[in-house]
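Visitor: So that we are looking at the same thing, I have put the structure below in structure tokens.
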Amino acid sequence: MSTTALVRPVAHHKIHGSHYERLAAVYVRQSTPQQMLRHQESTRLQYGLVERALALGWAKPQVLVIDEDLGKSADSMAGRSGFQRLVAEVSLAHVGIIFGLEMSRLARSNRDWHHLLEVCALFGTLIGDLDGIYDPTDYNDRLLLGLKKTSTYSTDFTSGEFNPPFPACPSLYFG
């Protein structure tokens with residue numbers, strides 16, 4: 001008598017069975033309808049993260065694509081039903097990992113970004129982008145995600161898109 005076990009690919013040392021028991025969420029967003037037209041490659045790459053989830057061992061029915069924020073700015077969580085849905089799904093312990101093209105750009109607001117990180121840490125949800133897989137409960141991963149977010153603010157500032165949550169306090173950002 002033989003038993004058949006479900007065998008998953010050895011994907012990544014941070015991904016465990018408990019992550020596979022939950023969904024892999026792929027968050028797709030472009031800031032404006034104009035960006036959707038001008039940067040179609042970015043949209044294609046974001047949808048391509050479904051393939052990354054599959055390659056890491058999630059079954060197709062376990063991959064949730066959240067794309068209702070296409071054409072919406074990430075300035076705040078308000079008006080972004082997709083981001084709100086993502087946070088809710090994580091809070092309900094339905095999501096094992098979130099994939100995004102540049103996770104640090106998921107939310108321009110530090111408040112929204114850190115809220116998502118806290119919720120992910122509380123519910124054991126990993127974060128994945130093109131650079132790697134991050135565990136928000138791991139000090140070094142959280143530090144790296146914070147540095148990536150800081151770098152996003154720097155890029156936004158030099159491109160003229162800087163929109164800090166407290167614009168009256170530039171010393172918070174530039175010392």
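Visitor: Restricting attention to region 65-88, which residues are modelled with pLDDT of 95 or more and more than 18 Å from Val119 (Cα to Cα)?
Guide: Val65
Visitor: For the list (1) of a type in the set (D, E, K, R); (2) farther than 24 Å from Leu147 by Cα; (3) modelled with pLDDT under 95, I need the number of the one condition that Lys60 fails.
Guide: (3)
Visitor: Let me ask another. From Leu130, Leu101, Leu144, which residue is surrounded by 15 or more Cβ atoms within 10 Å (Cβ to Cβ), out of contact with any Cys (no Cβ under 9 Å at 6 or more places or on another chain), modelled with pLDDT of 70 or more and not in a helix (DSSP H, G or I)?
Guide: Leu101
Visitor: Could you list, in sequence order, all residues of region 24-69 that are crowded, with 18+ Cβ neighbours inside 10 Å, in contact with a Phe, Trp or Tyr (Cβ under 8 Å, 6 or more places away or on another chain) and in a strand (DSSP E or B)?
Guide: Ala24, Ala25, Val26, Tyr27, Ile66
The values are calculated or read from the model by the stated rules, or taken from the named source; none is laboratory data. Source: prediction; values computed, not measured. Here the Cβ is made from the backbone with ideal geometry for all residues, glycine too, and neighbour counts use every protein chain on show.
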